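Worksheet for the structure shown next.
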Amino acid sequence: MSSNPINRRQIRKWALQMLFLFDVTKVADFRKSIADDSLLKMLYSVELDPDMENDLDFDDLPQIEENNKHYLYEVIEKVADHKEEIDALIDENSKQWDVQRLLKVDVNIMRLAIVEMMYIQEVPGVVAINEAVELSKIFSDDKSASFINGVLNSVWQKSVK
């Protein structure tokens, strides 16, 4: 079992996994699902022990810094709070593709990036776009990476005018 330092990229991966889970299961009140950190602890334990060879006790996991935990939950809450607005931006910038027809993982990658670009001041737009492309390489495919890059660049260009 290896211990990886928790960085912003890791937090984005967990945020994407949570957003995807909430989206496909249609969880009405995700805030209850994240209130006790059990979902975060589960994702963290899988990261530490991907083959699930060890019987990890959540209480024995290394602590996740409060600022990382805060960022993760802030991103998820902002996606939930602005979902309709974000989806409209995706629709408007995805040329002939409706959000409902896109892969759920791709939509959630774009939601995450748009939240970082438009609602979290500390993340430069180009960083949010690059991170989204990297996430798509992990969780989707090369075609999606190119598509996501194009949509997000369009959103970013229009938002900085």
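The values are calculated or read from the model by the stated rules, or taken from the named source; none is laboratory data. Every value quoted in this text rests on a predicted model; they were computed, and no experiment measured them. Every residue, glycine among them, receives a Cβ derived from its backbone with ideal geometry; neighbour counts consider all protein chains shown.
Worth pointing out:
- Options Ile76, Ile86, Ile114, Ile90; residue that is crowded, with 19+ Cβ neighbours inside 10 Å, of a type in the set (Val, Ile, Thr) and farther than 17 Å from Ser159 by Cβ: Ile76
- Filter result (free of Cβ contacts under 8 Å to residues at least 40 places away in the same chain and part of a loop (DSSP other than H, G, I, E, B)) within the range 108-125: Gln121, Glu122, Val123, Pro124
- Taken together, Ser136, Ser159 contain a single residue that is at pLDDT 95 or above, on the phi < 0 side of the Ramachandran plot and among the small types (Gly, Ala, Ser), which is Ser136.
- The range 107-133, residues that are charged (D, E, K, R) and within 18 Å of Met18 (Cβ to Cβ): Arg111, Glu116, Glu131
- The range 126-143, subset assigned to a helix (DSSP H, G or I) and over 15 Å from the mean Cα position of the chain (by Cα), residue surrounded by the most Cβ atoms within 10 Å (Cβ to Cβ): Val126
- Residue check, Val105 within 15 Å of the chain's Cα centre (by Cα), part of a loop (DSSP other than H, G, I, E, B) and either small (Gly, Ala, Ser) or within 23 Å of Glu84 (Cβ to Cβ) (or both): no
- Subset of the range 118-133 [modelled with pLDDT of 95 or more and touching a helix residue (DSSP H, G or I) at 6+ places or on another chain (Cβ under 7 Å)]: Ala128, Ile129, Glu131, Ala132, Val133
- For the range 105-112, the condition holds for at least one residue, the condition being that it is among the acidic types (Asp, Glu) and under 21 Å from Ile11 (Cβ atoms).
- Top-ranked residue in the range 144-161 [being part of a helix (DSSP H, G or I) and β-branched (Val, Ile, Thr); ranked as surrounded by the fewest Cβ atoms within 10 Å (Cβ to Cβ)]: Val155
- Checked against the criterion of being farther than 20 Å from Lys95 by Cβ, among the aliphatic types (A, V, I, L, M) and out of contact with any strand residue (DSSP E or B) (no Cβ under 9 Å at 6 or more places or on another chain), the candidates Val133, Val127 yield just one match: Val127.
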